[in-house]
Amino acid sequence: SMLQMRIQHVALSVRDIAASGPWYQALFGFQQVAEFADPPLEIYLTPDGQALDLRQDPDVVDEPFTQTRVGLDHLAFVCLDRADLDAWLARLAELGIANSGIEQSPFGLHVNFRDPDGIALEFYLPATA
């Protein structure tokens with residue numbers, strides 16, 4: 001049988017979990033399922049079981065994210081169809097989150113935006129969808 005890789009969670013290192021937690025909750029409507037104090041860690045879950053962890057490492061370098069460092073370039077969230085992409089664009093507008101608008105690439109449509117630490121995020125609709 002073929003081994004299948006599935007991402008269960010992504011953990012993001014943030015500077016201020018008290019700012020980032022509510023931002024991610026407002027955007028995605030996540031349920032917080034766990035919280036730890038040392039170091040601060042919050043675990044959020046989508047209804048279908050995907051998790052996003054926010055971690056405030058005490059030794060985090062207090063600089064905005066940049067994709068020019070080794071590590072994460074960006075994190076993309078897949079959209080099911082054009083209506084789904086349009087709905088996420090509307091949610092970004094409703095929350096006042098600056099974004100690229102819908103852009104075309106050879107692989108599909110995408111909307112780029114950043115979280116409070118400047119972490120690059122994307123809503124992505126594959127051309128095959």
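The values are calculated or read from the model by the stated rules, or taken from the named source; none is laboratory data. Remember, predicted model here, so these are calculated numbers, not experimental data. FYI the Cβ positions are ideal-geometry reconstructions off the backbone, even for glycines, and counts take in every protein chain you see. Heavy atoms of the whole protein, side chains included, go into the accessibility calculation; ligands, DNA and RNA do not. Shrake-Rupley method; radii C 1.70, N 1.55, O 1.52, S 1.80 Å.
A few points about this structure:
- Residue pairs whose Cβ atoms lie under 9 Å apart, sitting 6 or more positions apart in sequence or on different chains, and linking a residue in region 5-19 that is more than 11 Å from residue 43 (Cβ to Cβ) to a partner that is among the hydroxyl-bearing types (Ser, Thr, Tyr) and surrounded by 15 or more Cβ atoms within 10 Å (Cβ to Cβ), are 12/20; 12/24; 14/20.
- Leading residue by the ranking (nearest to residue 110 (Cα to Cα)) among those in region 78-98 that are surrounded by fewer than 15 Cβ atoms within 10 Å (Cβ to Cβ) and among the hydrophobic types (A, V, I, L, M, F, W, C): 78
- Strands (runs of 3 or more DSSP E) lying entirely in region 8-58 (those with 2 or more residues that are open to solvent by 70 Å² or more (accessible area, probe 1.4 Å) and not acidic (Asp, Glu)): 31-37
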